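Since the structure comes first, as structure tokens, the remarks are kept for the end.
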Amino acid sequence: QVQLVESGGGLVQAGGSLRLSCSASGNIFSINAMGWYRQAPGNKRELVATFLSGGSTNYADSVKGRFTISTDNAEKTVYLQMNSLKPEDTAIYFCFHILGRSATWYWGQGTQVTVSS
């Protein structure tokens, strides 16, 4: 079984920064990709950033230049450094892992990020 636990969310003023962490435990193997989605009230879940096996990264246009995704050496924790935060970044942020040949998705429980204007 795989468990993902997010932390680091909170309330911040516009222009501020937060760093989200997602720690993985359990049978972590053959990581295809890791990353973050977010969902604001009334909106669809939006892909924010992805860290692919091999080290390449992808970002939503709305966060390019402001957010950075990274992992630790063991790839057990994935981080999302969020700078120059805007009120429109307010959402619940969910981390995910895609593991194995079957490309099974695993999700964290979500962490709330609120950016005040």
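The values are calculated or read from the model by the stated rules, or taken from the named source; none is laboratory data. Fair warning: this is a prediction, and the values are worked out from it, not measured in the lab. FYI the Cβ positions are ideal-geometry reconstructions off the backbone, even for glycines, and counts take in every protein chain you see. For the accessible areas, the whole protein counts, side chains as well, though only heavy atoms, and no ligand, DNA or RNA atoms are used. Shrake-Rupley method; radii C 1.70, N 1.55, O 1.52, S 1.80 Å.
Of the conditions (1) in contact (Cβ under 8 Å) with a residue 12 or more places away in the chain; (2) open to solvent by 40 Å² or more (accessible area, probe 1.4 Å), Y59 clears all except one; give me its number.
All conditions pass for Y59, except number (1).
Can you give me the number of residues within the stretch 14-56 that are open to solvent by less than 50 Å² (accessible area, probe 1.4 Å) and either modelled with pLDDT of 95 or more or at negative phi (or both)?
Number of matching residues: 19.
What number of residues in the stretch 24-45 are of a type outside the set (A, V, I, L, M) and under 11 Å from the mean Cα position of the chain (by Cα)?
Total meeting the criteria: 4.
Report yes if N73 is open to solvent by 60 Å² or more (accessible area, probe 1.4 Å) and out of contact with any Phe, Trp or Tyr (no Cβ under 7 Å at 6 or more places or on another chain), otherwise no.
For N73, the condition - open to solvent by 60 Å² or more (accessible area, probe 1.4 Å) and out of contact with any Phe, Trp or Tyr (no Cβ under 7 Å at 6 or more places or on another chain) - is met.
Out of the stretch 80-117, which residues are surrounded by fewer than 18 Cβ atoms within 10 Å (Cβ to Cβ) and either on the phi > 0 side of the Ramachandran plot or of a type in the set (F, W, Y) (or both)?
Once the filter is applied, which keeps residues that are surrounded by fewer than 18 Cβ atoms within 10 Å (Cβ to Cβ) and either on the phi > 0 side of the Ramachandran plot or of a type in the set (F, W, Y) (or both), the stretch 80-117 yields S84, G100, A103, W105, Y106, W107, G110.
Which of (1) in contact (Cβ under 8 Å) with a residue 24 or more places away in the chain; (2) open to solvent by less than 60 Å² (accessible area, probe 1.4 Å) is the odd one out, the single condition R66 does not satisfy?
Here R66 clears every test but (1).
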